[in-house]
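The values are calculated or read from the model by the stated rules, or taken from the named source; none is laboratory data. This structure is a prediction, so every number in the text was calculated from the model and none was measured. Neighbour counts run over all protein chains shown; Cβ positions are idealised from the backbone, glycine included. Side chains included, ligands, DNA and RNA excluded: accessible areas come from the protein's heavy atoms. Shrake-Rupley method; radii C 1.70, N 1.55, O 1.52, S 1.80 Å.
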Amino acid sequence: MRPPDADVTESPTLAELEAMLRARGVDHVGVASAEVLDRARTELHRRLDDGFDAGMQFTFRNPERSTDPVQSLRGARSLLVAARSYAADPPQRPAGVTARVAQYAWTDHYAELRSALRAVADRLKA
């Protein structure tokens, strides 16, 4: 128990965390249980068995770890989940270029998402 005069920072509310994320370009925010993602694990193994991994180590290297949040966040009971839309205006094509690039590949969406989530993690640690 903390003494009454201890320097205590109040934990942010979910609404405050959501506002932080939205201000950093996050489109959807939710809370999920930190239980094992059984369906995702089964699907990852199926795709590995069928050769659909295309060498993507980040996704397929360790399905048991990547589908069990508690392996990365010991003691976790809940997860704050955030998503960004790939929808955007198409980039300007240089003259004479006819190639097409998938919309999700126009920018590194994960960099912006990581940055937003780091800001929330820093706030929670404080």
Test set (1) modelled with pLDDT under 95; (2) open to solvent by 40 Å² or more (accessible area, probe 1.4 Å); (3) in contact with a Ser or Thr (Cβ under 9 Å, 6 or more places away or on another chain) - Arg41 fails condition number: (1)
With respect to Val120, determine if the residue is of a type in the set (Val, Ile, Thr) and either under 24 Å from Arg22 (Cβ atoms) or open to solvent by 80 Å² or more (accessible area, probe 1.4 Å) (or both). yes
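Check every one of the helices (runs of 4 or more DSSP H) wholly within the stretch 1-116 and list those with 1 or more residues that are touching a strand residue (DSSP E or B) at 6+ places or on another chain (Cβ under 6 Å) and touching a residue at least 40 places away in the same chain (Cβ under 8 Å). Can you show your working first?
On the way: elements: 14-23, 38-49, 57-60, 63-66, 69-72.
So the answer is 14-23.
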Condition test on Asp108, is it of a type in the set (D, E, K, R), exposed (fewer than 12 other Cβ atoms within 10 Å of the Cβ) and either within 15 Å of the chain's Cα centre (by Cα) or at pLDDT 90 or above (or both)? yes
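Just give me the residues in the stretch 81-99 being at pLDDT below 85 and either among the β-branched types (Val, Ile, Thr) or surrounded by 11 or more Cβ atoms within 10 Å (Cβ to Cβ) (or both), in sequence order.
Filtering the stretch 81-99 down to residues at pLDDT below 85 leaves 86-99.
Answer for the stretch 81-99, where residues must be at pLDDT below 85 and either among the β-branched types (Val, Ile, Thr) or surrounded by 11 or more Cβ atoms within 10 Å (Cβ to Cβ) (or both): Tyr86, Ala88, Arg93, Val97, Thr98.
Sort out which residues of the stretch 51-80 are aliphatic (A, V, I, L, M) and open to solvent by less than 80 Å² (accessible area, probe 1.4 Å), and write them in order of number. Talk me through it step by step, then tell me what you get.
Going through the stretch 51-80, the residues aliphatic (A, V, I, L, M) turn out to be 54, 56, 70, 73, 76, 79-80.
Val70, Ala76, Leu79, Leu80, listed by residue number.
Within the stretch 56-72, track down each residue that is at pLDDT below 90, within 14 Å of Thr42 (Cα to Cα) and not aromatic (Phe, Trp, Tyr). Can you show your working first?
Pass one, the stretch 56-72, residues at pLDDT below 90: 56-60, 72.
With within 14 Å of Thr42 (Cα to Cα) added as a condition, the list becomes 59-60.
Passing the criteria: only Thr59.
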